[in-house]
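This report concerns only the one structure given below.
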Amino acid sequence: MPALTLCAFAFEQIVQYRYGAAGALAFGMFTVGHKARNTTFTCVGLVVIALLLAR
């Protein structure tokens, strides 16, 4: 399990480096929403990530 946590942390750092604080916030919202099974947080996080990728 620690390897998966390390990979998630590394991916979040890469997203934050590439897309700034908005990317980190969107990734965090997506992760929290997915783990909590909250559709609203998951969708908002995915929309923000999509908008950042389309930029």
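Can you name the number of the only condition in (1) open to solvent by 50 Å² or more (accessible area, probe 1.4 Å); (2) over 9 Å from the mean Cα position of the chain (by Cα); (3) at pLDDT 85 or above; (4) on the phi < 0 side of the Ramachandran plot that ARG37 fails?
Checking ARG37 against (1) open to solvent by 50 Å² or more (accessible area, probe 1.4 Å); (2) over 9 Å from the mean Cα position of the chain (by Cα); (3) at pLDDT 85 or above; (4) on the phi < 0 side of the Ramachandran plot, the one that fails is (4).
Scan region 1-21 and report the pairs whose first residue is over 13 Å from THR31 (Cβ atoms) and whose second residue is loosely packed, with under 10 Cβ neighbours inside 10 Å and not polar (S, T, N, Q), with Cβ atoms within less than 9 Å and a gap of 6+ or a chain change.
Once the first residue is over 13 Å from THR31 (Cβ atoms) and sits in region 1-21, its partners that are loosely packed, with under 10 Cβ neighbours inside 10 Å and not polar (S, T, N, Q) give TYR19/ARG55.
With the condition kept exactly as written, say whether any residue in region 6-22 is touching a helix residue (DSSP H, G or I) at 6+ places or on another chain (Cβ under 8 Å), outside any helix (DSSP H, G or I) and open to solvent by less than 70 Å² (accessible area, probe 1.4 Å).
Within region 6-22 (the criterion being touching a helix residue (DSSP H, G or I) at 6+ places or on another chain (Cβ under 8 Å), outside any helix (DSSP H, G or I) and open to solvent by less than 70 Å² (accessible area, probe 1.4 Å)), the answer is no, since none of the residues qualifies.
Could you grab me the full set of residues in region 23-34 that are free of Cβ contacts under 8 Å to residues at least 24 places away in the same chain, within 23 Å of ARG55 (Cα to Cα) and open to solvent by less than 90 Å² (accessible area, probe 1.4 Å)?
Taking region 23-34 first, the residues free of Cβ contacts under 8 Å to residues at least 24 places away in the same chain are 24-25, 27-34.
Filter again for within 23 Å of ARG55 (Cα to Cα), leaving 24-25, 27-31.
Correct list: ALA24, PHE27, GLY28, MET29, PHE30, THR31.
The values are calculated or read from the model by the stated rules, or taken from the named source; none is laboratory data. Keep in mind it's a predicted model, so treat the numbers as computed, not measured. No Cβ is skipped: glycine too gets one built from the backbone with ideal geometry, and neighbour counts run over all protein chains shown. We work out accessible area using only protein heavy atoms, side chains counted, and drop any ligands, DNA or RNA first. Shrake-Rupley method; radii C 1.70, N 1.55, O 1.52, S 1.80 Å.
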